[in-house]
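Quick note: the coordinates plus some simple rules give every number you see, no bench work behind them. Please read these numbers as outputs of a predicted model, since none were measured by experiment. Cβ: placed from backbone, ideal geometry, glycine included. Neighbour counts: every protein chain shown.
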Amino acid sequence: MEGKMRLKKFIISSLSAIMIATSLSGCGMISKEKEKEEPVSDLVNVTLLTDAEGGAGEALISSARAGLEEAESGLGIDGRFIKCSSKDDIKSNIEVLVKGGKTALIIGAGPRFESIISVYAQKYPNQDFALIDATVDGDMPKNLTTITFDDERSGFIAGFIAGKMTAKNKVGYISGTSGSSENAYRQGFEKGLKKANDKNPEIISRNVNIYESYEDAKNAFVDVEYYGADILFAPTEDDSKAAIDSINSNYSKIIAVNKDQYHYSKDKVVASITKSYSKAVYDLCAMVYDGGDSFKGGKNTQYGVAEKAIALAPSTENTVPPDVLSYLSKALKEEYSGSN
């Protein structure tokens, strides 16, 4: 027994890095008057925008805020955090920040910022912008830099675990809103499933919008379970919570994303693949703090395991057999040899 536990812990540590996300409270919209009244600071000012409606989930917003706080204490920047309630709120805040002329960098954390910030980067070429968990197709403005994540590898991990642990040879894939992350998750999931299981498991798929219709989303999870899927991968914007709340633990289990959801529901969560925005936010702050050519304008950077941006949660050792984790470790090396 002791040998098995050591093996589990060794495999988990070789697959992923432990990430700590600090939960912090949010702020509201700034006004033009407040922006004008604030005293001029010699510190480099960075503003972090998060989308409270249809954007990143609670875990990702918390980790983004943690990265900003770390940059404030470690670099000495002047950080501001604004949780936006709508797309119009995002636009209004950007307008105020740009016209105030005090913000060195405006960061949009979450996929839904792409359509807004890509436009504003062209509108205001003298203002630096950054996107996290989203990028721009085609030519990227030189005043915009983006950081994306190795979501394909996360999907591969989920697909492999699902392929090894399904008893019915039917698995579920429930995606959130469409975009580059969703496509990468899906591609990786199919690769991992095929790698783990040569019996060609059936994938029962649904697409949901958690924020527009929560009840419809919950019905979709129940529907996938009804049609026989016993392992469900749910890379949705709410950190997989709706999926966890909807299913019956007697029939199916969930592979969650963004944060370790094992303690949220030990009887339903078989694995969690975490994602963290904290290093991305910190590194973006460091770019503008260092100045010069440090800002990677017009470029996208992908973060993965090496940056501790994605990881298989340590709690997985409680639910996934050690032989499956061992096979997964080998499969990852074969599929992604030469990469971090």
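When ARG65, ARG153 are ordered from fewest to most other Cβ atoms inside 10 Å of their Cβ, what list results? Intermediate values should be presented prior to the final figure.
Working: ARG65 26, ARG153 23.
If I rank by nearby Cβ atoms, fewest first, I get ARG153, ARG65.
Taking the simple approach of a point 7 Å from Cα along Cα-to-Cβ for both TYR226 and ASN169, what is their distance in nm?
Simple spin-label model gives 2.5 nm for this pair.
What nm value, rounded to one decimal, do you get for the distance between ASP323 and TYR251 when each label is placed 7 Å out toward the C-beta?
2.9
Could you name the aspartates and glutamates in cross-link range of LYS259, using Cα to Cα under 13 Å and dropping any fewer than eight places away on the same chain?
The reachable aspartates and glutamates, counting only those whose Cα sits under 13 Å from LYS259, are GLU58, GLU237, ASP238, ASP239.
Hey, what's the Cα Rg ratio for segment 36-177 versus the globular rule of thumb, 2.2 N^0.38 Å?
Details: Rg = 18.0 Å, N = 142, 2.2 N^0.38 = 14.5 Å.
Rg over 2.2 N^0.38 Å, computed on Cα atoms: 1.25.
Starting from the Cα coordinates of segment 125-209, work out the convex hull volume and express it per residue in Å³.
Details: hull volume 8.3 nm³, N = 85.
In segment 125-209, the Cα hull volume divided by residue count equals 98 Å³.
Per residue, what volume in Å³ does the convex hull of the Cα atoms of segment 160-211 enclose? The partial results should precede the final answer.
Working: hull volume 3.8 nm³, N = 52.
So the per-residue Cα hull volume is 72 Å³.
To the nearest Å, what is the center-to-center distance of segment 274-340 and segment 143-169, using C-alpha atoms only?
The distance from the Cα centre of segment 274-340 to that of segment 143-169 comes to 12 Å.
Would you calculate the separation in nanometres between label points at SER294 and ASP216, each defined as 7 Å from the Cα along the Cα-to-beta-carbon direction?
The answer from the label model is 4.5 nm.
Which entries of LYS218/LYS279; LYS218/LYS333; LYS83/LYS170; LYS164/LYS218; LYS195/LYS266 show an alpha-carbon separation above 29 angstrom in the structure shown? Write down the numbers at each step before the final one.
On the way: LYS218/LYS279 32 Å; LYS218/LYS333 36 Å; LYS83/LYS170 39 Å; LYS164/LYS218 26 Å; LYS195/LYS266 27 Å.
Over 29 Å Cα-Cα: LYS218/LYS279; LYS218/LYS333; LYS83/LYS170.
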